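**Q** This structure is in C-alpha cells; I'll ask about it shortly.
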Amino acid sequence: MRKNYIDILKGIGIFFVVLGHVTRIPELRVFIWNFHMPLFFLISGFLYNPDKYPDFKGFFKSKFKSIYIPYVLFFLVTFLYWVVIERRFRGGEYSVLHQFIGLFYGTIEGNHLYFNGPLWFLPCLFAVELMFYYISKIKNKIGILSVLIISFTIGTLIQQYNLNVLPFGLHTAFFGLVFYGIGFISKEQESSFKNLSLIFKFLILVGCMYVQIMAVQNGYRGDIETSPIYYIPIALCGILFWAVLSKLINKNGPLEYLGANSLIIMSVHEPIYRFLIGGFSRFSGIEVDIIRTNLIYSILISIICIIIIIPIIYLYNKYVRKRINTLL
C-alpha cells in the first residue's frame with residue numbers, strides 16, 4: 001500500500017533538489033544540501049522490503065529496470081541535447097567522448113556528467129541497493145549497525161586519502177549506505193509516531209529546525225566530504241523535520257505527484273533550469289548571477305522548471321515505463 005506521506009516527503013525533497021541547483025544563495029544552498037540527498041537514500045531504505053525478493057537475481061532485475069535503465073535512458077537523451085544544442089552556447093572545454101564515457105563511469109568526478117550532474121545519484125543508489133541486499137540478510141539490528149559503522153569508516157577513509165574517483169559514486173555510496181540502513185531500521189518505529197502528542201511533534205520540529213539554522217549560521221557547508229562526522233546528525237535532523245511535517249500534512253496532491261515522479265524530475269531538471277535561466281537573463285537583461293542570488297527568482301524558476309517537466313512525466317509513464325517493465 002502506497003503511503004501518502006512518503007510521497008509528500010519525496011515531493012518536498014525533490015523541490016529542494018531543484019531549488020538547491022537553481023539558487024546560488026550560499027545560506028539557502030547549505031540549508032538544502034544538509035539533508036536533501038541523504039533524504040532520498042533514507043527513504044529508499046525505509047521502503048526496502050527484503051521479503052519481496054526471494055533471491056539476488058530477482059532483486060537485481062528489479063533494481064536494474066527501476067534505476068539503471070532509466071539512468072541510461074536519461075543519460076542518452078540529455079547527452080544528445082547537450083551535444084546537438086547546449087554545447088554551442090554553454091562554456092566548458094569537455095570533449096564529447098569524455099562525457100560519453102561518463103555513462104559507464106557513473107559519477108561527476110573527473111568532470112564526467114558535466115551536462116547533467118544530478119544523474120550521479122542513480123548509479124550511486126543502484127550500488128547502495130545491491131550492497132544492502134546482503135546486509136539485510138543480517139538478522140539483528142546490532143549486526144546491521146556494525147556494518148553501517150564500517151561503511152561510514154570506509155567512506156571517511158576514502159575521503160581522507162582522496163580516493164573519491166571511484167566509479168558509480170562508490171566513494172559516496174558508502175555514506176549513502178548509512179542513511180539507507182538507518183531508513184531500513186527506522187521502519188519499525190513508524191507505528192510509535194502515532195502515539196506521540198501534537199505538542200511533542202511540534203517540539204521535534206522546533207528542535208530539528210534549530211539544529212539546521214545553527215548549522216547554517218556557524219558556517220557549516222553541508223558537505224559530507226569535508227565533515228562526515230557532523231554531516232550524519234545534521235542531515236538526520238533535517239530529514240526528521242520534513243518527515244514529521246509530511247506526516248502531519250498527510251495528504252497533498254501536488255506534492256504526492258512530485259514525490260511519485262521524483263526520479264524523472266531528478267534526471268531532467270538540470271538542462272531545463274539552465275535553459276530557463278539563460279533565456280530569462282537574455283530577454284530581461286538581468287545578469288545570471290543576480291537571478292540566481294535572488295530568492296524570488298530562484299523559487300519561480302524552480303516552479304516553472306517542474307511545470308515544464310510534467311509533460312515529460314506523462315510521456316515517460318505512459319510509454320516508456322511500461323516498455324521498461326517488459327524487459328528481462
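The values are calculated or read from the model by the stated rules, or taken from the named source; none is laboratory data. Everything numeric in this text was worked out from a predicted model, so none of it was measured. Neighbour counts run over all protein chains shown; Cβ positions are idealised from the backbone, glycine included.
**Q** Provide a single number: the residues in region 158-179 that are at pLDDT below 85, among the hydroxyl-bearing types (Ser, Thr, Tyr) and under 17 Å from His112 (Cα atoms).
**A** Residues in region 158-179 being at pLDDT below 85, among the hydroxyl-bearing types (Ser, Thr, Tyr) and under 17 Å from His112 (Cα atoms): 0 in total.
**Q** Next question. Which is assigned to a loop (DSSP other than H, G, I, E, B), out of contact with any Pro (no Cβ under 8 Å at 6 or more places or on another chain) and of a type outside the set (Ser, Thr, Tyr), of Arg24, Arg29?
**A** Working: Arg29 fails: assigned to a loop (DSSP other than H, G, I, E, B).
The match here is Arg24.
**Q** Report yes if Ile291 is assigned to a helix (DSSP H, G or I), touching a Ser or Thr at 6+ places or on another chain (Cβ under 9 Å) and among the hydrophobic types (A, V, I, L, M, F, W, C), otherwise no.
**A** So Ile291 passes the test.
**Q** Within region 60-108, take every residue that is under 18 Å from His21 (Cβ atoms) and among the charged types (D, E, K, R) and give me the one that is surrounded by the fewest Cβ atoms within 10 Å (Cβ to Cβ).
**A** Across region 60-108, the extreme among qualifying residues is Arg90.
**Q** Now, a different point. Just wondering, is there one or more residues in region 268-284 that are hydrophobic (A, V, I, L, M, F, W, C) and within 21 Å of the chain's Cα centre (by Cα)?
**A** yes
**Q** May I pose another question? Of the residues that make up region 117-133, is at least one in a helix (DSSP H, G or I) and more than 21 Å from the chain's Cα centre (by Cα)?
**A** Taking every residue of region 117-133 in turn, none turns out to be in a helix (DSSP H, G or I) and more than 21 Å from the chain's Cα centre (by Cα).
**Q** Lys322 passes all but one of (1) touching a helix residue (DSSP H, G or I) at 6+ places or on another chain (Cβ under 8 Å); (2) under 29 Å from Gly106 (Cβ atoms); which number fails?
**A** In the conditions (1) touching a helix residue (DSSP H, G or I) at 6+ places or on another chain (Cβ under 8 Å); (2) under 29 Å from Gly106 (Cβ atoms), Lys322 misses (1) alone.
**Q** Please enumerate the residues belonging to region 275-326 that are without any contact (Cβ under 8 Å) to a residue 40 or more places away in the chain, of a type in the set (Ser, Thr, Tyr), surrounded by 15 or more Cβ atoms within 10 Å (Cβ to Cβ) and under 21 Å from Ile12 (Cα atoms).
**A** Answer for region 275-326, where residues must be without any contact (Cβ under 8 Å) to a residue 40 or more places away in the chain, of a type in the set (Ser, Thr, Tyr), surrounded by 15 or more Cβ atoms within 10 Å (Cβ to Cβ) and under 21 Å from Ile12 (Cα atoms): just Tyr297.
**Q** What residue, of Leu328, Leu255, is in a loop (DSSP other than H, G, I, E, B) and either within 29 Å of Glu190 (Cβ to Cβ) or at pLDDT below 95 (or both)? Write out each step before concluding.
**A** On the way: Leu255 fails: in a loop (DSSP other than H, G, I, E, B).
Leu328 is the lone residue from the list that is in a loop (DSSP other than H, G, I, E, B) and either within 29 Å of Glu190 (Cβ to Cβ) or at pLDDT below 95 (or both).
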